[in-house]
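So the structure is just underneath, and the comments pick up after that.
What follows is calculated from the coordinates using simple rules that are stated; it is not laboratory data. Note that the structure is a prediction, hence the values are computed from the model and not measured. Using ideal geometry, Cβ is built from the backbone for each residue, glycine included, and neighbour counts are taken over all protein chains shown.
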Amino acid sequence: MSIFSADQLAQLEQQAIELPSWAFGNSGTRFKVFATPGTPRDPYEKIADAAQVQKFTALAPTVALHIPWDKVDSYDDLRAHAEGLGVQLGTINSNTFQDDDYKFGALTHEDAAVRRKAIDHHLECIDVMHATGSRDLKIWLAEGSNYPGQADLRGRQDRLHESLAEIYARLGDEQRLVLEYKFFEPAFYHTDVPDWGTSYAQVAALGDKAMVCLDTGHHAPGTNIEFIVMQLLRLGKLGSFDFNSRFYADDDLIVGAADPFQLFRILYEVIRGGGLNNPDVAFMLDQCHNVEDKVPGQIRSVLNVQEMTARALLVDGAALAAAQRSGDVLEANRVFMDAFYTDVRPALAEWRESRGLPADPMKAFAESGYLAQIAADRVGGVQAGWGA
Ligand code: LRH
Ligand code: MN
Ligand code: MN
C-alpha cells in the first residue's frame with residue numbers, strides 16, 4: 001500500500017515543471033566556461049534535450065525560450081519541432097542585459113530612444129509568443145546603479161512604469177507579463193526591481209494580467225522565501241517560480257541541492273495557498289549546469305521538486321492546525337518535520353513504474369546511451385548566452 005492517498009497521487013500526476021532552454025547550453029562563471037561534449041548547437045537541439053527529460057520523468061512538458069539566445073527564422077517551425085518531440089514551447093524570456101545600449105538601463109533609461117528600443121524588443125517577444133503559443137512574457141531587468149548619486153532612483157521607477165504599461169497594453173487576452181525581481185547583480189548599489197514589494201507595486205499598477213516571478217536565488221541570505229510565497233499567493237499575484245538553489249549569491253545550482261528543507265517549506269506554502277497545479281502559478285527551473293552533465297542535471301532537478309512536493313503533501317493538515325490552535329509548539333513542529341523526514345523515494349519509484357515510467361529515471365537515462373549519441377553527433381555546442 002502506498003504512503004500516498006489517491007488524491008495526493010492525482011496531484012502529483014498533474015505536476016508540470018518548465019525547463020529553461022539555456023540549461024542545456026554550456027555555461028560557467030566569469031572565470032571559465034567548461035564545454036560539455038554533445039552540447040546543443042541551436043534551439044532545436046536544446047529542445048531535443050529537454051524532450052528527454054520529459055520522456056524519462058513525465059514532469060517537464062514545456063520548455064522556456066530566451067530571446068535573442070533562441071532566435072530562429074521560423075517560430076512556427078520550432079513549435080512543430082517541439083510538438084513532434086512531445087513538448088510545448090513555454091515562457092518567453094526577454095533579454096535587455098547584453099547590449100551596449102543598455103549600459104545605464106533599458107526600460108528605465110533616461111534616453112527615450114533607448115527605452116524605445118527596449119520596449120520594441122518586448123513587443124517582438126510578444127509576437128514570438130503568438131507564434132509559439134506561449135502564455136507568459138517573463139521580464140527580468142539588469143538595471144540599476146553602482147554608486148550613490150549615480151542615478152535618479154525615483155525617476156527610474158516612474159519610467160519603468162511607463163515602459164511596462166506600453167508592453168502590457170500589447171498583451172493578448174490570454175497572455176501575461178511576469179516581472180522577476182533580484183536584489184543585486186549586475187548592479188551593486190541599487191537595482192530597479194530588487195524585491196517582491198517593488199515587483200508587486202509595478203505589476204499591481206498594470207492590471208490582472210501582470211504577476212510577480214519569484215526566483216528562489218534572488219534574495220539576501222536568510223530571507224524567509226516561503227513567507228513571500230505565502231503573501232503573493234494570498235494577494236493572487238504569484239505568477240511564476242524560477243527554481244534553483246544557492247549557497248552564496250545567484251548560484252543557479254540544482255533546485256533542492258543546497259537546502260532541501262527550504263524547498264520543502266516553499267512547496268508546503270504553495271500547497272497551503274492553493275498554488276499547486278493552479279494554472280495561474282507556473283513552475284520553472286532557472287539553472288545552469290557548469291560542471292555536471294546537463295540533461296541528467298535537469299532530470300535530477302525535476303525529481304527533486306517532485307520529491308519535495310510529495311513530502312509537503314504528506315503534512316497532516318488537521319493535526320498541524322490542531323496543534324497550532326492549542327499553542328502546542330513542539331507538536332506542531334513535530335507534525336511538520338515528520339512529513340519532511342519521510343523518505344518518499346521508494347513509493348514514488350513504485351508509482352512511476354505503475355504509470356509505465358522508469359522507476360529510476362536517472363539510471364534509465366544513463367543507460368539509454370543518449371549522451372554518447374549526442375557527443376558523437378554534435379560538434380561545437382554553444383554557450384548558454386552568458387558571456388556569449
Ligand atoms: C537573472 C535570471 C533571469 C534571467 C536568467 C538567465 O539572474 O535569473 O531569470 O532571464 O537569469
Ligand atoms: Mn531567474
Ligand atoms: Mn538569476
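Amide H contacts for V178 (H built 1.01 Å from N in the peptide plane; partners 5 or more residues away or on another chain; cut-off under 5 Å): L137, K138, I139, M211.
Calculated mean residue ellipticity at 222 nm for the chain: -14000 deg cm²/dmol, from DSSP H runs with n ≥ 4 weighted as -39500 (n - 2.57), summed, divided by the residue count and rounded to 500.
For K117, the lysines whose Cα comes closer than 20 Å to its Cα, not counting residues fewer than 8 places off in the same chain, are K71, K103, K138.
Rg ratio for region 67-141: its Cα radius of gyration over 2.2 N^0.38 Å, N being its residue count, equals 1.22. Expressed in units of 2.2 N^0.38 Å, where N is the residue count, the Cα radius of gyration of the chain is 0.99. Annotation: amide H of A282 within the under-5 Å range of S240, F241, sequence separation 5 or more or interchain, hydrogens built in the peptide plane.
Mind checking which of F31, F56, F365 has the largest fluctuation in a GNM of the chain, springs on alpha carbons under 10 Å? Of the options given, F31 has the highest mean-square fluctuation.
Counting only the Cα atoms, region 280-343 fills a convex hull of 128 Å³ per residue.
Rounded to 0.05, the FRET efficiency of the E174 and K32 pair, given R0 = 45 Å and the Cβ-Cβ distance, is 0.60.
Of L85, L179, L285, the residue with the greatest mean-square motion in the GNM of the chain, using alpha carbon springs below 10 Å, is L85.
For the chain, modelled as a GNM whose springs connect Cα atoms under 10 angstrom apart, the maximal fluctuation among G105, G327, G28 occurs at G327. In the chain, taking the dipole from charged Cβ atoms about the Cα centre, the farthest positive-side position among I119, A384, P194 is held by P194. The phi torsions of region 289-295, fed into the Karplus equation with coefficients 6.51, -1.76 and 1.60 and a -60° offset, translate into couplings of 10, 7, 10, 10, 5, 7, 5 Hz, rounded to whole numbers, with Gly and Pro shown as x.
The charge dipole of region 40-163, taken about its Cα centre with unit charges on the Cβ of Lys, Arg, Asp and Glu (plus for the first two, minus for the last two), comes to roughly 360 debye.
The phi-based Karplus calculation (6.51 cos²θ - 1.76 cosθ + 1.60; θ = phi - 60°) puts the 3J(HN,Hα) values of region 14-23 at 7, 4, 9, 10, 7, 9, x, 4, 6, 5 Hz, whole numbers, x for Gly and Pro.
Distant-in-sequence amide contacts of D215, defined by a placed amide H-H separation under 5 Å and a gap of 5 or more residues or a different chain, comprise Y181, D242. Expressed as a whole percent, how much of the Cα-Cα distance distribution for region 1-90 exceeds 20 Å? For region 1-90, the share of Cα pairs beyond 20 Å comes to 44 percent.
In order along region 350-355, the phi-based Karplus estimate (6.51 cos²θ - 1.76 cosθ + 1.60, θ = phi - 60°) of 3J(HN,Hα) comes to 4, 5, 4, 4, 5, 9 Hz; Gly and Pro are listed as x.
What is the distance in Å between the Cα centres of region 153-177 and region 309-324? First find each Cα centre; the distance between them is then 40 Å. The fraction of Cα-Cα pairs per 5 angstrom bin, counted from 0 for region 211-290, comes to 3, 17, 28, 27, 16, 7, 1, 0 percent, rounded to whole percents.
For region 238-335, compute Rh as the Kirkwood radius over C-alpha pairs and then the Stokes-Einstein diffusion coefficient at 20 °C and 1.002 mPa s; write the answer in µm²/s, rounded to an integer. Once the numbers are plugged in, D ends up at 145 µm²/s. Under 19 Å of direct C-alpha separation, and excluding same-chain neighbours fewer than eight residues apart, K55 reaches these lysines: K46, K294, K363.
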